[in-house]
1. Would you please list the contacts, defined by Cβ atoms under 6 Å and residues six or more apart or on different chains, that run from a residue in segment 390-404 that is within 15 Å of Arg133 (Cα to Cα) to a residue that is within 14 Å of the ligand (Cβ to nearest atom) and among the acidic types (Asp, Glu)?
2. Mind checking which pairs have a first residue in segment 493-518 that is outside the structural domain of Glu203 (by TED's automatic domain parsing) and a second that is of a type in the set (D, E, K, R) and assigned to a loop (DSSP other than H, G, I, E, B), Cβ under 8 Å, 6 or more apart or different chains?
3. Criterion first (within 12 Å of the ligand (Cβ to nearest atom) and either charged (D, E, K, R) or over 14 Å from the mean Cα position of the chain (by Cα) (or both)) does Asn411 satisfy it?
4. Quick one: which residue in Ile294, Ile314 is free of Cβ contacts under 8 Å to residues at least 40 places away in the same chain, hydrophobic (A, V, I, L, M, F, W, C), crowded, with 16+ Cβ neighbours inside 10 Å and more than 16 Å from the ligand (Cβ to nearest atom)?
5. Being within 23 Å of Thr37 (Cβ to Cβ) and loosely packed, with under 14 Cβ neighbours inside 10 Å is the filter here, so list the residues in segment 71-97 that pass it.
6. Quick one: which residue in Phe535, Phe509 is on the phi > 0 side of the Ramachandran plot and more than 16 Å from the ligand (Cβ to nearest atom)?
7. In segment 546-569, which residue that is among the hydroxyl-bearing types (Ser, Thr, Tyr) and surrounded by fewer than 16 Cβ atoms within 10 Å (Cβ to Cβ) is farthest from Gly532 (Cα to Cα)?
Amino acid sequence: MCKDWTWDLSVLYRGFDDPQIEKDFAALQNLVADAKTQLNAGKDALETLEAVTDAFENIRKLSSALGSFASLTLAADASNEAAQQLMDRLMNFSVQSSVLYAALSRYIGELPDLDSLIEKSEKLKKIAFYLRRKKADAAHEMAPEIEEWMMRMSLSGGEAFANLRDKLDATLTVDYRGTQIPLAAARAKAYDPDPQVRKDAYEAELASYAKIEIPMAACLNGIKGESLTLIEAEHFDSILDQSLFNSNMDRATLDAMWTAIREALPEFRKYLRKKGEILGHKNGLPFYDLFAPIAAPGYVPPSFTIEEARQKLIAEMSKFTPDMGKFIDHAFEDRWIDVFPREGKGGGAFCAELHALDQSRVLTNFAGSFSDVSTLAHELGHAWHNRCMAGLPACMTNAPMPLAETASIFNETLLANAAMSAADKKERLTLLEGNLMETTQTIVDIYSRFLFESWVIETRKDHTLSVAELKELMLKAQEESYGNGLDPDIRHPYMWACKSHYYSVGFAFYNFPYAFGQLFGVGVYAQYKAQGASFVPKYNQLLRSCGSGMVADVAASVGIDVRSVDFWRSSLDVYKKQIEEFIALADELMA
Ligand SMILES: [Zn+2]
């Protein structure tokens, strides 16, 4: 039985003194230089395309091995200097790779008949979608004479602002009851069972932002300003168009989703007001109680050892398909997972793919709650998604953000439904509350973030926003989204300083994919419920094809029309029913 609960990275390199690292780095540089030469050699188009796309596969393989080794090491040990140095070298070199990718788009963009070349080559047929997207990219490439300069300027501009943002966030201390504690520790108190702890921590958190609000606002203004410049250079009409283009998604899909979400907001407000009532509030939920734990009287939530969590996941996922159960067992046994929190290890959880090895690595901070088991189910869903893409050319494995959460949400839903069906009333109430608390974030809060970011960008076209303007827009967004669900006097005007998602240079509107992923995953689960075991192969094929088509086409492969408001309504109905049941159970058990 496996006893070491750290992950094994030796499949990549033996250590930072492994001579293979320098060999691979040199090989990577050569491959990029050679591919550039080939693109400019003026040879036969078919021969060039085949050779360059082959080279790209190897470039991805090497940069993924080097990048994964550095970033995964850092995730588990933030102070590892050798890993940081390798990361910096790779970041600097990434400009060269980006220039090469753009050169390929331009090359393909100028080909008179890409389709007939694809028809002639078995090799190119396998990556046809990638090549056609590259052709579409060509219309959005910068002029070659400014491209490398723009990218290098971004390293010292938007990217530097994003780094500063992370440092401000990581080093801010909060004066909590006379003691200085990290911001993350103060925010974690939002989950504390003691109401006074939650309130004090919230007030201390809000007060602490005054120390960093000016540089934070400068970071946000700098990044949004750069994005506005970039879309001009890349010929997009708007930043949202750019994000949708990069997500393989169309505006009709996004609009349909927001229409259904706006319709469902009143239901979520009912849940929030009921939660407020349970906690003794008359005027909606105060912000500091959004994450307050609620349990029926006399109910003690279960806790799990990691071995129990492993067995539970194997048992539940095997019911969907025994292959997934075996896969999860193997992931534990083969040390794919770094399980427990420790000093210097990053918080939260994620899954990283090692496509060339047909493996994944999962980081979690397991503490034994049901929510921690659910997090493992989520991350192992990502790992299963990666497994389903095994053997594909690497360029066909990039699931766009909106589809990237399909397998993770699906697994969470499987686990949650299994737990619900075995639960008595008291446990159901607790499970429902946990589920609705999180879903309120991915639906209601995400909608507020979308509104806020839209307004910031519109205003930024005219002038840089002051701290006061940012706070005002955030409160306005919370009003439109949460409405009377939240106490109007106790909201969070600094959420823009708290969430890192506004500060991504390459991907603005890093919010709608969360709502999409949640509701799409639930929609896929509904298909499984309707079709039973015959859905399993369709599901695995859906996951396999996430990087091989436009979002609407991939969804259509399992009979889902993401452009129809009704599809989104049907997913939201699942939560409407949960809200009704939560309110009924609360009235019965908490009165
Ligand atoms: Zn995820």
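1. Matching pairs, first to second residue: none at all.
2. Listed by first residue and then by second, the contacts come to Pro513/Glu405; Tyr514/Glu405; Phe516/Glu405; Gly517/Glu405; Gln518/Glu405.
3. Yes: the conditions hold for Asn411.
4. Answer to the check: Ile314.
5. Listed by number, the residues that qualify are Arg89, Asn92.
6. It is Phe509.
7. Step by step, filter segment 546-569, then rank; the result is Ser564.
Condition check ((1) at pLDDT 95 or above; (2) in contact with a Cys (Cβ under 6 Å, 6 or more places away or on another chain); (3) outside any loop (DSSP other than H, G, I, E, B); (4) within 13 Å of the ligand (Cβ to nearest atom)) across all residues:
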| site | (1), (2), (3), (4) |
| --- | --- |
| Cys351 | yes, no, yes, yes |
| Asn365 | no, no, no, no |
| Ala383 | yes, yes, yes, yes |
| Met420 | no, no, yes, no |
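The values are calculated or read from the model by the stated rules, or taken from the named source; none is laboratory data. Values in this document were obtained by computation on a predicted structure and should not be read as measured data. With ideal geometry, Cβ positions are generated from the backbone for all residues, glycine too; neighbour counts draw on all protein chains shown.
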